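To start, the structure under review is shown below, and the notes come after it.
The values are calculated or read from the model by the stated rules, or taken from the named source; none is laboratory data. Model, not experiment: these values are computed from the prediction. FYI the Cβ positions are ideal-geometry reconstructions off the backbone, even for glycines, and counts take in every protein chain you see.
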Amino acid sequence: MNEILKIIPIVLYLSVGMVCLVMAFKCLFANKFLPFHEKAVGKRWDELENPLKLVILSFLRLAGLGFLIISILLIVCPIVNYFIPNMFYKYAVPAMALLFCTGLFINNYCLYKNTKADTPWKGSLYAMFVIMAGIIISIFN
């Protein structure tokens, strides 16, 4: 039973890490903003001025780097912690990911609330719950 309690958080963190990796690639290699951004702005990408496009892509790539860092941490550190137990890997890494997902949730929800654009606020909320579940389960092993 103790072995299962060690593996469950790893699976939970890996699932969030894989989603973050997908989002990292979407953001890092985007040539325009995401569809919900378009709806929130009320303009199509083609209607924006070129300097504004560059600023938006810059922010999108910064978000992509955040997703990439969190995905690497959530994919690598829990596995390393399984073989070489370390309190930093066990709690600090998931806490950083939780902080990132909380920020995503707050920003996406505020954008949804103010623009009624279909933002992925529910996905970031689910990611928060999955990470919290992993942290709670980690406490018991």
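How many residues does region 74-101 hold that are crowded, with 16+ Cβ neighbours inside 10 Å and either out of contact with any helix residue (DSSP H, G or I) (no Cβ under 6 Å at 6 or more places or on another chain) or under 22 Å from Phe140 (Cα atoms) (or both)? Lay out the reasoning, then the answer.
Step one: of region 74-101, the residues crowded, with 16+ Cβ neighbours inside 10 Å are 74-75, 77-78, 81, 89-90, 93-94, 96-98, 100-101.
Now drop any that are not either out of contact with any helix residue (DSSP H, G or I) (no Cβ under 6 Å at 6 or more places or on another chain) or under 22 Å from Phe140 (Cα atoms) (or both), which leaves 74-75, 77-78, 81, 89-90, 93-94, 96-98.
The total comes to 12.
On the given criteria, is Lys122 in a helix (DSSP H, G or I), surrounded by 14 or more Cβ atoms within 10 Å (Cβ to Cβ) and of a type in the set (D, E, K, R)? Walk me through it before giving the result.
Values: in a helix (DSSP H, G or I): yes; surrounded by 14 or more Cβ atoms within 10 Å (Cβ to Cβ): no; of a type in the set (D, E, K, R): yes.
Spelling it out, it is not the case that Lys122 is in a helix (DSSP H, G or I), surrounded by 14 or more Cβ atoms within 10 Å (Cβ to Cβ) and of a type in the set (D, E, K, R).
Of everything in region 84-141, what is modelled with pLDDT under 95 and of a type in the set (D, E, K, R)? Give them in sequence order.
Within region 84-141, Lys90, Lys116, Asp118 meet the criteria.
Of the residues that make up region 87-103, is at least one assigned to a helix (DSSP H, G or I), under 12 Å from the mean Cα position of the chain (by Cα) and more than 30 Å from Glu3 (Cβ to Cβ)? Show your work before the answer.
First pass over region 87-103, keeping only residues assigned to a helix (DSSP H, G or I): 87-103.
Adding the requirement that they be under 12 Å from the mean Cα position of the chain (by Cα) leaves 94, 96-103.
Checking the rest, the ones that are also more than 30 Å from Glu3 (Cβ to Cβ) come to 102-103.
Scanning region 87-103, I find at least one residue that is assigned to a helix (DSSP H, G or I), under 12 Å from the mean Cα position of the chain (by Cα) and more than 30 Å from Glu3 (Cβ to Cβ), so the answer is yes.
Please state which of the following conditions Ser71 fails to meet, knowing it meets all the rest: (1) surrounded by 13 or more Cβ atoms within 10 Å (Cβ to Cβ); (2) at pLDDT below 95.
All conditions pass for Ser71, except number (2).
Out of Asn107, Asn141, report the one residue that is surrounded by fewer than 16 Cβ atoms within 10 Å (Cβ to Cβ), more than 21 Å from Pro35 (Cα to Cα) and of a type in the set (S, T, N, Q).
Working: Asn107 fails: more than 21 Å from Pro35 (Cα to Cα).
Of the residues listed, the single one that is surrounded by fewer than 16 Cβ atoms within 10 Å (Cβ to Cβ), more than 21 Å from Pro35 (Cα to Cα) and of a type in the set (S, T, N, Q) is Asn141.
Just checking, which of Gly42, Gly66 is more than 15 Å from the chain's Cα centre (by Cα) and either more than 30 Å from Lys6 (Cβ to Cβ) or modelled with pLDDT of 95 or more (or both)?
On the way: Gly66 fails: more than 15 Å from the chain's Cα centre (by Cα).
From the options Gly42, Gly66, the qualifying one is Gly42.
As an exercise: evaluate Phe36 against (1) closer than 17 Å to Leu111 by Cβ; (2) modelled with pLDDT of 95 or more and give the number of the one condition it does not meet.
Single failed check for Phe36: (2).
For region 21-33, give me each residue that is buried (at least 17 other Cβ atoms within 10 Å of the Cβ) and without any contact (Cβ under 8 Å) to a residue 40 or more places away in the chain.
The initial filter retains those residues of region 21-33 that are buried (at least 17 other Cβ atoms within 10 Å of the Cβ), namely 21, 23-24, 27, 33.
If the condition is that a residue be buried (at least 17 other Cβ atoms within 10 Å of the Cβ) and without any contact (Cβ under 8 Å) to a residue 40 or more places away in the chain, then Phe33 is the only one that fits.
State yes or no: is Lys43 assigned to a loop (DSSP other than H, G, I, E, B) and charged (D, E, K, R)?
Working: assigned to a loop (DSSP other than H, G, I, E, B): yes; charged (D, E, K, R): yes.
So Lys43 fits the description; yes.
How many residues does region 81-133 contain that are under 17 Å from Val16 (Cβ atoms), among the aliphatic types (A, V, I, L, M) and in contact (Cβ under 8 Å) with a residue 12 or more places away in the chain?
The total comes to 13.
Is region 77-86 home to any residue that is part of a loop (DSSP other than H, G, I, E, B), within 20 Å of Gly123 (Cα to Cα) and not polar (S, T, N, Q)?
Pass one, region 77-86, residues part of a loop (DSSP other than H, G, I, E, B): 84-86.
Filter once more, so that each one left must be within 20 Å of Gly123 (Cα to Cα): none.
No: zero hits.
Please work out which residue is nearest to Ala63 (Cα to Cα), limiting yourself to region 1-13 and to residues that are surrounded by 18 or more Cβ atoms within 10 Å (Cβ to Cβ) and hydrophobic (A, V, I, L, M, F, W, C).
Checked region 1-13; the qualifying residue nearest to Ala63 (Cα to Cα) is Leu12.
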